[in-house]
1. About the Cα centre of the protein assembly as shown, what is the dipole size in debye to 20, counting +1 per Lys and Arg Cβ and -1 per Asp and Glu Cβ, all else neutral?
2. Can you list the residues, at least 5 places off or on another chain, whose amide H is less than 5 Å from the amide H of A:Ala97, using H built in the peptide plane?
3. Sequence-distant or interchain residues sharing an amide H contact under 5 Å with A:Ile11, placed H: which?
4. Cα-based Rg (one decimal) and Dmax (whole number) for segment A:235-298, in Å?
5. Explain nothing, just the number: dipole magnitude of segment B:26-287 about its Cα centre with +1 on each Lys and Arg Cβ and -1 on each Asp and Glu Cβ, in debye rounded to the nearest 20.
6. DSSP H helices in chain B with Cα extent of 18 Å or more along the helix axis and mean Kyte-Doolittle hydropathy at least 1.6?
7. ³J(HN,Hα) across segment A:50-58 via Karplus (A = 6.51, B = -1.76, C = 1.60, θ = phi - 60°), whole Hz, x for Gly/Pro?
8. Can you work out ³J(HN,Hα) from phi for every residue in segment A:232-240, in order, using Karplus 6.51 cos²θ - 1.76 cosθ + 1.60 and θ = phi - 60°, giving whole Hz and x for Gly and Pro?
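What follows is calculated from the coordinates using simple rules that are stated; it is not laboratory data. Bear in mind the structure is a predicted one, so any value in this text is a computation, not a measurement. Note that we place each Cβ from the backbone using ideal geometry, even for glycine, and neighbour counts take in every protein chain shown.
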Amino acid sequence: MRGEAADALSIETAGLVKRYGTVVALDHVDLAVPRAAVGLLGPNGAGKSTLLKILLGLSRPSGGSARVLGRDAVVDGRELRMRVGYMPETDTLPDNATAADFVTHMAEMSGVPRRAARQRAADVLYQVGLDEERYRLVKGFSTGMKQRVKLAQAIVHDPELVFLDEPTNGLDPLGREEMLELISRIHQQLGILVVLSSHILDDVERVCDYVVVLDGGQVVASQPLHVPDDDTADLHVRVDGDPGPFLKRLEELGLATRPAGIEYTSDEFVVARDGDRSLDAIRDAAAMTGSPLRLLRPAKRTLEELYVDSVGAGANGAPGRRRVSKR
Amino acid sequence: MSAAPGQYGEIFDRGYRHYDGPRLGQAQAIWALARYSVARALGMRRPWTAKIIPMLLYAAVSIPVLIAIGIRAFFPAFEFLSYPEFFGAIFLLVGIFVALIAPEMMSSDRHDGLLPLYFSRPIGRSPYVLAKLLATGLLTLSMSLLPAVVLWLGNGLLAPEPLPAMRAGLDDLGRIVVAGTMIAFYLGAIGLLISSFTGRKSVAVGVIILGFVLSESLSVAILQAFRDRPDLARWSMVVSPSRTIATLVGQLFGEPDLGADVPLNAVLGVMAAVIAICCAVMFAWYQRRD
């Protein structure tokens, strides 16, 4: 985003390895992530937090290299940390400090002069919806308010990229909704790149436009979330009236069909794509059976499908852990 | 009908603004962390309960000095509080003060989980420890050095001829600065080292106080064990902060009855070595990464 070509990469890793004794937390991770809102998905223990720590320079890799915003995470760690923000997963706020004091302090720790730090803290706390409460002690805050303070400290120094580790942890549905809206705004309106680490698919699906899936310390998927004009995807169809004759005709034309699933209307079906002839066959089947065609669109591969396929298969085809949370 | 501009005040756009001002270097970050740590240790911008003990300790150190100056003003011939007496009297208070502030410096950050936040900032690990040393040193100096300097100023200004008296007392001022500074960093480094290993303030406070008490007992035990070898027994002061400080004050101010019979340079070397070891261990400890 800011000051960089749109096609530049936000994160690059090559053969990244992290070992804790005999346990391999990251196993030759190769990534080339564009400058986007990136979701980092994976079951618990997949290596998400370890990857974040290495990208922030908090942890040294056992092997390989990692670059963030074009800078080496190990060699240029200090320079890099001036340009990124970090919202950790754990509770990391001093109870006996006001939100304004703490966020001001964290701005100063990033090199912002004192007077500007005070102003920035006030502005950012306003942006995250804590304008009125900023002079209250943090220990009196709800979980949602504490999460907002953590988010405020992560962006108070105006970073180019912010790492958010499980930002909706412990939030009730309303709080989670508000937090996701805030994160979307940070990326879309404030122009700050976001790396959102989560095990909640909906969070990533709502905020991100690129996803990296880790499983067992390996990258099992790294791709854009929404692929426009996918001409290889299966097709969703819906016809008015009894779909029986229409589906039978499609079967006769050699196309397999199945119900679209519980998240779609009961009269919606998926037609397996069979090259270019699929669209013609659907048109012909509808015309021959006199079934009014009400819907015809490429079936989107949902993030859940991507996740289950990727994590289930694992990078080496090993059975994966399916600790997936779909809220 | 629209109101005239400015009649009801102005509407400010509070949209997010990018920051394009200066970004200061590591020295600024170290100073910012030291300042913040000092403020928190003294209970500033915190509930009044957090301010009570530091204020009581400051009062306990200051009141004898003020009384001494007052007596000096009205009874010039009567010396109420000599410098060795002052340092002997405040050792315990400075020890308690360190036991109070050092855990606030180190243990609180661990307890509150602030270390990942700090280390994700440009400051880094060694400068973090440096900032905490600076904060602890400054605070402890305010207990060990500042009142002694005030006492020296009072003695000088209340003398019949202030300027010659102060000029004559410059040696004393030098001794005060050496004693105050060494005591501050010596006790501060020990307190910080102990506190850096735990996230629980109460544990750190307990271990620091217990450590001071036990070290005294250990020193006495060594002294007894080597009573037939006074040349060795005198070095038992090395394990006792109170005897080390007493020895420093005695040697500095020419009162060999205080502490052990150890040369000034040796006791300064012992204190400097303890400070260096504590710092080295802390720096190494905070360099640990996952």
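1. Value, rounded to 20: 1480 debye.
2. Hits under the 5 Å cutoff: A:Val138, A:Lys139.
3. The answer is A:Val33, A:Leu69.
4. Reported Rg and Dmax, both Å: 10.4, 29.
5. On the way: 18 positive and 14 negative charges, 229 e Å.
For segment B:26-287, the charge dipole is close to 1100 debye.
6. B:49-74, B:201-225, B:264-287
7. Values, residue by residue: 4, 4, 4, 4, 5, 5, 8, x, 7 Hz.
8. Taking θ as phi minus 60°, the curve returns 10, 6, 4, 10, 8, 9, 9, 10, 6 Hz for segment A:232-240.
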